[in-house]
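Since the structure comes first, as structure tokens, the remarks are kept for the end.
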Amino acid sequence: MKKIAHACLAMTAGLAVALCPALTSESAADPVAVAPPLPFPVPPAPPYLDPAFYQPDPARVAAAVPGEILSARQVHLANFWLLPLDVRAWQLSYRSTNTRGEPIPAVATVIVPHRPAPSGRRGLVSFQMAEDSLSVNCAPSYTLQMGSLPNPLNPVISLEFVEVQAMLQLGHAVVIPDHQGPNAAYATGPLGGRITLDAIRAAERFEPAGLPGTATRTALWGYSGGAIPTAHAAELQREYAPELEITGSAAGGLMADIRMAIDYNNATSTFGGAVLGGLFGVAREYPQLASFIDRNMNPLGKALRIAHEGQCVALQFAAFPFVNIKGLFDYPGDPMRAPELQPMLDELALGHRGTPVAPVLIYEAPLDEVMPINAVNKTYDTYCKDPAAKVYYTRELFSEHGIAAAAGAGSVAMWLNDRLNGIPAPDGCGNRDVYSQLLDPGALALFANAIGQTLASAFGMPV
């Protein structure tokens with residue numbers, strides 16, 4: 001079996017999954033031992049102090065197939081670092097692939113509720129969090145653990161964890177990948193999409209999770225920085241992981257094209273620093289952009305780059321409002337139209353790989369102050385040129401970026417729950433404009449129930 005695995009590794013990623021589906025769905029290696037959780041009150045080590053798990057031997061990574069588990073350990077999770085959550089949870093270190101087809105290590109958190117699956121066949125939600133950071137120490141695998149260091153600059157993951165718990169309360173398992181990878185390559189969708197799909201593979205083959213293998217109905221969910229890998233994973237699935245049973249994906253607050261996002265935020269937005277941080281994150285994965293920045297960014301831009309390095313989401317969004325991103329370059333013309341960058345920027349944009357195979361739900365606020373609605377409209381139109389498309393698009397008129405995230409959570413959870421329970425999505429495309437998704441039937445009740453049960457779990461109620 002290992003010889004076959006090595007032969008498959010010599011192929012391109014797409015050819016390998018096409019010709020060797022057994023290796024990309026069922027583990028070719030023997031099951032790994034699961035390390036016990038840390039005893040109370042020993043705190044978990046941040047990723048940079050935990051290289052054995054986060055940066056395993058490169059030779060061992062290279063010898064594995066995508067999604068193969070390298071190490072596993074049980075962990076204790078908590079709301080806001082302190083309030084324990086009564087679930088079964090593990091971290092998996094596994095093999096994934098970067099945008100150059102090279103093997104890389106990745107880490108994901110797998111969570112299984114105590115309550116039974118609603119349909120007798122447990123579904124899986126791959127939840128991509130808005131990590132939006134340039135440090136591996138801001139990753140959800142660390143932030144969600146009981147006893148991790150409280151970080152006021154990294155509050156988004158703790159807030160989004162309520163949405164994760166909504167899906168657990170519905171009886172589904174959840175996998176949360178550190179989708180930015182070992183170099184914290186913030187906003188790099190093609191990388192995050194691969195890491196996400198391989199996290200699903202790892203979760204499916206992880207026996208203690210009790211999932212039905214490649215028969216696991218799986219849904220993708222992400223907002224803002226989490227929508228980037230979610231949407232790219234949905235597009236990449238056809239080529240990179242065709243054996244997975246993806247039943248639907250939901251992406252909101254979506255950055256569909258980084259060029260349009262830079263145009264939209266350049267010197268005009270209070271959150272321009274978040275887009276600038278994303279540009280620096282992409283440079284960590286694409287050497288051509290890193291080289292372009294080194295050659296053409298002026299001293300002020302390089303100083304801001306240093307200030308962004310190693311920072312979590314709050315600084316990415318709050319720092320440097322109204323920054324003139326293009327003015328940080330000494331380049332004759334628009335730096336984002338430089339010919340040598342266009343192939344990379346095309347790869348980062350949604351829509352050029354074709355319409356996702358699984359149904360897609362997109363939700364966006366026209367008044368979003370970070371992500372331009374025109375780019376999302378264009379992506380929707382591109383997807384719906386495919387006669388087989390199943391794409392549903394909600395524009396929330398009375399919201400902005402943050403409000404739409406919370407207001408849409410109940411409706412999205414209900415839509416994904418239907419997909420995970422085997423209820424097919426309607427054929428075709430559809431779009432609508434609403435004042436607030438909280439007004440959708442059942443959405444407010446589900447949202448309130450998720451918050452109530454999350455609060456109850458702080459007092460020991462098992463999920």
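The values are calculated or read from the model by the stated rules, or taken from the named source; none is laboratory data. Not measured: the values here are computed from a predicted model. A quick note on method: Cβ atoms are made from the backbone with ideal geometry, for glycine too, and the neighbour counts reach across all protein chains shown.
Details
- Cross-chain or 6+ apart pairs with Cβ under 9 Å, the stretch 120-137 first and over 18 Å from Leu416 (Cβ atoms), then basic (Lys, Arg) and assigned to a loop (DSSP other than H, G, I, E, B): Leu134/Arg284
- Matching option when the condition is surrounded by fewer than 23 Cβ atoms within 10 Å (Cβ to Cβ), touching a strand residue (DSSP E or B) at 6+ places or on another chain (Cβ under 9 Å) and modelled with pLDDT of 95 or more, among Pro208, Pro242, Pro229: Pro208
- Test result for Ala375, surrounded by 22 or more Cβ atoms within 10 Å (Cβ to Cβ), in contact (Cβ under 8 Å) with a residue 12 or more places away in the chain, small (Gly, Ala, Ser) and closer than 24 Å to Asn266 by Cβ: yes
- Scanning the stretch 140-162 for residues that are under 14 Å from the mean Cα position of the chain (by Cα) and closer than 17 Å to Ser224 by Cα turns up Pro140, Val156, Ile157, Glu160, Phe161.
- Residue satisfying all of: in the stretch 350-371; more than 15 Å from Gln237 (Cα to Cα), out of contact with any strand residue (DSSP E or B) (no Cβ under 8 Å at 6 or more places or on another chain) and surrounded by fewer than 22 Cβ atoms within 10 Å (Cβ to Cβ); modelled with the highest pLDDT among these: Leu367
- Taken over the stretch 433-457, residues that are touching a Phe, Trp or Tyr at 6+ places or on another chain (Cβ under 9 Å) and surrounded by 12 or more Cβ atoms within 10 Å (Cβ to Cβ) amount to 5.
- Here Tyr392 does not fit the description of being touching a Leu at 6+ places or on another chain (Cβ under 6 Å), loosely packed, with under 13 Cβ neighbours inside 10 Å and of a type in the set (Ser, Thr, Tyr).
- Screening Gly410, Gly428 for residues that are in the same structural domain as Ser158 (by TED's automatic domain parsing), surrounded by fewer than 14 Cβ atoms within 10 Å (Cβ to Cβ) and of a type outside the set (Phe, Trp, Tyr) leaves exactly one candidate, Gly428.
- Pick from the stretch 178-197, criterion assigned to a helix (DSSP H, G or I) and in contact with a Leu (Cβ under 8 Å, 6 or more places away or on another chain), ranking: surrounded by the fewest Cβ atoms within 10 Å (Cβ to Cβ): Pro190
- Condition check for Asn137: among the polar types (S, T, N, Q), part of a loop (DSSP other than H, G, I, E, B), within 17 Å of the chain's Cα centre (by Cα) and within 30 Å of Tyr286 (Cβ to Cβ): no
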